[in-house]
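Down below is the structure, laid out as structure tokens.
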Amino acid sequence: MTARAPVPAYLPFARPSIDEECIAGVVEVLRSGWIASGPNVLNFEQALSDYHGGRPVRTLTSATAAIEVALKIAGIGAGDEVITPAMSFFSGVNMIVRAGATPVFVDCDLDSRNLDFHRVEAAITPRTRAILPTHFAGLPADMDRLYEIAGRRGLRVIEDAALAIGSRWKGRRIGSFGDITVFSFHPNKNLTTIEGGALVLRDAAEAKQAEQLRFHGIVRLPDGTRDVEVAGGKYNLSDVSARIGLSQLAQLEHFNALRRQLAAHYFSCLRDSPCRLPARPNPHDELDHSWNMYCVLLPLERMSISRKQFIEAMHARGIGIGISYEAIHLTTLGRRMGYHEGMFPNTERIARETVTLPLFPQMTEADVERVCDAVADILDHACN
């Protein structure tokens, strides 16, 4: 009897990198009895501040909570408008709406997937108070153009850098300059705390606001009692999560270097693919991209199968695939605001054709080749 070839292990599109030192650190925190916000949160915030050039950092339970707090700090509320890309994750738009403001969508560049700043100026009205761009997949948006527009028009900027910790713009880390920056520490991000996020703020006064807004609006009085000055929420990070974050931050540059190597191998293996590949930084800017994701556009107009069938075929080969992202203006929420098909053609094309290929530090170049071989095989049979 002929022996069967071993079945390759399932390859997810994302996986956190948790080592034994991190696990031991979590055990130490659990045994300490201090598992809510405490010394590890303070140490993690200081380490994040050091990493971002000394700017004040406050952690929260998610990037979504961080965006909500950032909007409050920026004074965004009823009657205000916030410009944001039509193609991103849903959290930014949801928090704009929950703040009582109106999201104003702008189309994205087809390759970078970042906000098209040529269209931003036309979207500004007398009610515009802020711009909330996304650094898609870790590729920084055009920071020069962003802050030139914001400065000239007197607008706040809340950078959605959920995918971009460790990314740089012209050698400067995202979050180390500018206005307010939001990071995510979800398990599929470059640095995880299981769930969590952070705000990098302009000054100590804004950091104090963030502290109040993330913990019931409480301030402590000289006599040891408490007062509430604003209606805050409860978004404080635990010491358990912060201890994971400390381990992760110590390895972040290594993680990002591995991601860049894997992304470079994807470009090499897919150079003849009919897929549209993501934007790649210029060679001298390669270190500026942290590569949280590697997303390609399928050649659907040439394919005899749908995207769903392509994803199912990849799953049948033991390879996980994501979709990053949908067109926000075509969600039920977006349609209620009056948006419809045809308004943002690049966003709509991305939403139809995009798939996210596996990318995480434990992968090998052989894993990348396995993914690319599967993509090529499926498309060879599916394309006319």
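Structure above, values below:
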read-out	value
Residue list for the stretch 207-235, filter: within 23 Å of the chain's Cα centre (by Cα) and buried (at least 19 other Cβ atoms within 10 Å of the Cβ)	ALA207, ALA210, LEU213, ARG214, TYR235
Residue in the stretch 87-97 that is in contact with a Gly (Cβ under 6 Å, 6 or more places away or on another chain), farther than 27 Å from LEU213 by Cα and buried (at least 21 other Cβ atoms within 10 Å of the Cβ) present	no
Qualifying residue in the stretch 303-310 (condition: without any contact (Cβ under 8 Å) to a residue 12 or more places away in the chain, under 30 Å from ASP116 (Cα atoms), not in a loop (DSSP other than H, G, I, E, B) and not assigned by TED's automatic domain parsing to the domain that holds ARG98)	yes
Exclusive hit being over 13 Å from LEU48 (Cα atoms), assigned to a loop (DSSP other than H, G, I, E, B) and aliphatic (A, V, I, L, M), set ALA231, ALA205	ALA231
Residue check for LEU110: buried (at least 23 other Cβ atoms within 10 Å of the Cβ) and not assigned by TED's automatic domain parsing to the domain that holds ALA351	no
Pair list, Cβ under 7 Å, 6 or more apart: the stretch 223-236 residue at pLDDT 95 or above, other residue exposed (fewer than 10 other Cβ atoms within 10 Å of the Cβ) and not polar (S, T, N, Q)	ARG226/ARG220; ASP227/LEU221
Sole exception among (1) over 30 Å from VAL26 (Cβ atoms); (2) within 24 Å of the chain's Cα centre (by Cα); (3) among the hydrophobic types (A, V, I, L, M, F, W, C) for LEU258, by number	(1)
Answer from GLY342, GLY334, GLY322, GLY338 - the residue that is in contact (Cβ under 8 Å) with a residue 60 or more places away in the chain and over 21 Å from HIS135 (Cβ atoms)	GLY334
Hits in the stretch 325-384 - residues which are assigned to a strand (DSSP E or B) and either of a type in the set (Gly, Ala, Ser) or touching a Gly at 6+ places or on another chain (Cβ under 6 Å) (or both)	ALA327, THR356
Helices (runs of 4 or more DSSP H) contained entirely in the stretch 90-177, each with at least 1 residues that are closer than 21 Å to ASN346 by Cα and touching a residue at least 60 places away in the same chain (Cβ under 8 Å)	91-98
Residue that is nearest to the chain's Cα centre (by Cα), among those in the stretch 314-346 that are surrounded by 16 or more Cβ atoms within 10 Å (Cβ to Cβ) and of a type in the set (Gly, Ala, Ser)	SER324
Residue in the stretch 61-79 that is of a type in the set (Lys, Arg), modelled with pLDDT of 95 or more, at negative phi and not in a loop (DSSP other than H, G, I, E, B) present	yes
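The values are calculated or read from the model by the stated rules, or taken from the named source; none is laboratory data. Bear in mind that the values here come from a model prediction, so they are computed numbers and not experimental data. So basically every Cβ, Gly included, is an ideal-geometry build from the backbone, and we count neighbours across all protein chains shown.
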